[in-house]
DNA sequence: TCTTAGCACTCTAGCAAGTCGAGTGCTAAA
DNA sequence: TTTAGCACTCGACTTGCTAGAGTGCTAAGA
């Protein structure tokens, strides 16, 4: 059960009176829990307000005229609009932390598994989903630009070798290559030494400009390297997901059509991929409210995303996807904590000298 | 639209008369399409049978007494029972192939992407899901036993090295290792040469028995190797999934409770993992009808699974998950084709000498 | 003996009418 | 400016009814 969000007076410059702000916040909070339109009487009774339902109704009407609330029908309670949510999120106390016990529990789970990036990524999605009781995603960190760092050629059988490519930032790719002629490990090592000297620090475009060599194997490997690097640049995110069931449990996604639109997010060509790319460019937690304006191709969901990793080297995105009425305060805290945790785990993995994510 | 399954007379030894067999098959087929109980009149009219509805009703009653059909209520049509499906699947002509044009289309998609196992695996799930209009899964191939084949130690920075482990069957793992003292590539190469000579062909248990060396780095690496290999043995399948939305569209999964049970299959600790392990031990396409007897922990779904890969080296599982009333004939053909295709793709990747999956 | 026409019976889906309750909006008084 | 009171609205739920699809049984026909 997430804690009740702070209901402090709005920060200066707000266009709402303190009471309107309180009422809007309470409606957002109540609707997040009940998923049903909030009536004036319910609100007063549930939160023990010192004003009468009629007063609340009057304020609600003003808020509706300002565009922060709507009605599903004449005699129903109020529901926040997208604008209402945007206002709420903007004026939220974003600095709240998760309860210390919860932070400990989460951290503990990461120290129980092997030190391996892929597993951390996967675990972060499922722990996040479990924590916020919504769907969560995490993308595998990768650098914004693929730059050659190291190649290793390993002879497996006389006619088969394993090529291991390491890129700046620590990403690795391996590939088996069939050879026309048999080669010894010594010969392959000489070749990889030469490649390492020539290619370190270059990107795919620069490598392409190199003059062809006399050695046919050299050329073959070079081709494969370029191909792999270009492919790496063009490759879609690898996304781990978890907790889809949580979201489908909530009433707004019981309709088939809604559920299908929601599920499409997790299928192969995901409609949120451009969003993730975009989100990676900025530090801090970002909240995206879908179903409207620039995000109308999304179903009615909200995304709470954060970049993580080492900004100059390789970064990934993690976050939560859930109904628009989610508990933003708690979710934002959870996402921020998880991003910081992953960043520091990665910093530990790749050496302490490199600080994790910048604390904005 | 899948083709109508062959309705030939049952193979000898069947406990049903030819007419009963036909009626059961038609009910299975009709119910697969309509998802609604099949009445006697509908059956006669839709399939142009030369017998009257009354006769069909009599036969239906016999089939019901034998346990192959049920009634949702007194005045409803008939629905196949699990036993009915099992009978139907067992007596199905399993040798049907996909239409040649479809096979070509599918093959084509695999030649359009880079030769990389992970991508093929992912693609196979989405193509399969698209083809049969149900959910599909594919696991990344891996050997049944992890056996050391090769190690490579690559110096990235003076105090950081990359360890690449290759196991029998071609699976690879890499890991960054922080070093207390600085090491040169030459020193690391000598170390990896020694390890390669000592460990090739051994499994984790045997490596554990080796006597400790004087060299501390040697011991450190050896520990990590054993740990990685043991971890590899214990690691869960990496599963790619696709087409979940197709299944959720069908009427049996519109109820929240059903949908959630179904989705649980695709979440982190999947209830079907033991099934996949089991299925990997046998060649050919296997059909599992869930929701009953040994599979009652599953929701009401059927699995059509096949192993693929190189039996002696490394194998994976691919298959389709859908409502029990799926089109078995078509689905089985699709799964078999996809398994064969993946097997031959892998054979091509790892060298022709090694034939793909045995044709059972 | 098998098949089939006829008929009574059963059960669900769907529709219409009616009731209940939560909630609004307005007005007038505090 | 706040609030009590009241008329009004609309959805959710209940009840009663009907049409339709389907079965099971019986008796006649092949």
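The values are calculated or read from the model by the stated rules, or taken from the named source; none is laboratory data. Just so it is clear, the structure is predicted and the values come from calculations on it, not from any experiment. Neighbour counts are summed over all protein chains in view; Cβ atoms, including those assigned to glycine, are modelled from backbone coordinates with ideal geometry.
Brief remarks on what is shown
- Every test in (1) out of contact with any helix residue (DSSP H, G or I) (no Cβ under 8 Å at 6 or more places or on another chain); (2) modelled with pLDDT under 90; (3) more than 9 Å from chain B (Cβ to nearest Cβ); (4) surrounded by fewer than 18 Cβ atoms within 10 Å (Cβ to Cβ) is passed by residue A:227 save one, and that test is (3).
A quick yes/no check of all residues on (1) within 14 Å of chain A (Cβ to nearest Cβ); (2) surrounded by fewer than 19 Cβ atoms within 10 Å (Cβ to Cβ); (3) at pLDDT 85 or above; (4) in contact with a strand residue (DSSP E or B) (Cβ under 8 Å, 6 or more places away or on another chain):
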| residue | (1), (2), (3), (4) |
| --- | --- |
| B:145 | no, yes, no, yes |
| B:154 | yes, no, no, yes |
| B:157 | yes, yes, no, no |
| B:167 | yes, no, yes, yes |
| B:181 | no, yes, yes, no |
| B:203 | no, yes, yes, yes |
| B:209 | no, yes, yes, no |
| B:216 | no, yes, yes, no |
| B:222 | no, no, yes, no |
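- One residue alone among A:124, A:144 is farther than 27 Å from residue B:234 by Cβ, under 19 Å from the mean Cα position of the chain (by Cα) and touching a residue at least 24 places away in the same chain (Cβ under 8 Å), and that residue is A:144.
- Count of residues meeting criterion [away from DNA strand C (no atom under 16 Å from the Cβ), in contact (Cβ under 8 Å) with a residue 12 or more places away in the chain and exposed (fewer than 13 other Cβ atoms within 10 Å of the Cβ)] in the stretch A:71-92: 0
- When A:54, A:96 are checked against the criterion of being more than 13 Å from residue A:25 (Cβ to Cβ) and more than 16 Å from DNA strand C (Cβ to nearest atom), A:96 stands alone in meeting it.
- Flag for residue A:37 being more than 14 Å from chain B (Cβ to nearest Cβ), in contact with a strand residue (DSSP E or B) (Cβ under 6 Å, 6 or more places away or on another chain), at pLDDT below 95 and within 9 Å of DNA strand C (Cβ to nearest atom): yes
- All of B:255, B:276, B:298 fail the test of being away from every other protein chain (no Cβ under 14 Å) and without any contact (Cβ under 8 Å) to a residue 40 or more places away in the chain, apart from B:298.
- The number of residues in the stretch A:265-294 that are surrounded by 18 or more Cβ atoms within 10 Å (Cβ to Cβ) and either over 19 Å from the mean Cα position of the chain (by Cα) or closer than 27 Å to residue B:127 by Cα (or both) comes to 5.
- Residue in the stretch B:106-116 that is within 21 Å of the chain's Cα centre (by Cα), away from chain A (no Cβ under 14 Å), more than 16 Å from DNA strand D (Cβ to nearest atom) and surrounded by fewer than 16 Cβ atoms within 10 Å (Cβ to Cβ) present: yes
- When residue B:233 is tested against (1) assigned to a helix (DSSP H, G or I); (2) under 29 Å from residue A:244 (Cα atoms); (3) within 12 Å of chain A (Cβ to nearest Cβ), exactly one condition is not met: (3).
- Residues of the stretch B:58-70 that turn out to be within 18 Å of residue B:18 (Cβ to Cβ) and either surrounded by fewer than 19 Cβ atoms within 10 Å (Cβ to Cβ) or within 7 Å of DNA strand D (Cβ to nearest atom) (or both), as a count: 5
- In the stretch B:40-50, the residues that are within 11 Å of DNA strand C (Cβ to nearest atom) and exposed (fewer than 14 other Cβ atoms within 10 Å of the Cβ): B:50
- Counting only residues that are near DNA strand D (Cβ under 6 Å from one of its atoms) and within 37 Å of the chain's Cα centre (by Cα), the stretch B:31-57 holds 3 of them.
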